[in-house]
Amino acid sequence: MYFVNRCGQVVTGNTKSGDVIARVRATDADAGANAVLTYRLEGDADEMFSIAPDTGVIRLEKNIVRADTSSDEPDKEMIYHLVVVASDGGMRSCLRCLQQ
């Protein structure tokens, strides 16, 4: 059985490489080795983000760079869709997204 939660997180230009931007947490009713969860990113992470496999902490890996610093126009919004997969030692996975 899979559970999917959606969440959003705003990352501003003040956020620096290495900063924590979110944390996800999954739960598992199994016991022992089957209850040990690991996290990974799939899809369009584009090397901008990383996740700690044991904690679900998501970090920004590259500084946000404004494309045109000479313009007075507001920054264009960039949207990244991250897929976090939580796997246990057994055959089931689930995801519960928590904001920091």
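Below is a table of values for the structure above.
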item: Segments classed as strands (runs of 3 or more DSSP E), wholly inside the chain, with at least 3 members that are at pLDDT below 75 and at negative phi; result: 96-98
item: Extreme residue, surrounded by the fewest Cβ atoms within 10 Å (Cβ to Cβ), among residues of segment 10-53 that are touching a residue at least 24 places away in the same chain (Cβ under 8 Å) and hydroxyl-bearing (Ser, Thr, Tyr); result: Thr12
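The values are calculated or read from the model by the stated rules, or taken from the named source; none is laboratory data. Note that the coordinates shown come from a computational prediction; the quantities given were computed from them, not determined experimentally. In this analysis, Cβ positions are derived from the backbone assuming ideal geometry, glycine residues included, and neighbour counts consider all displayed protein chains.
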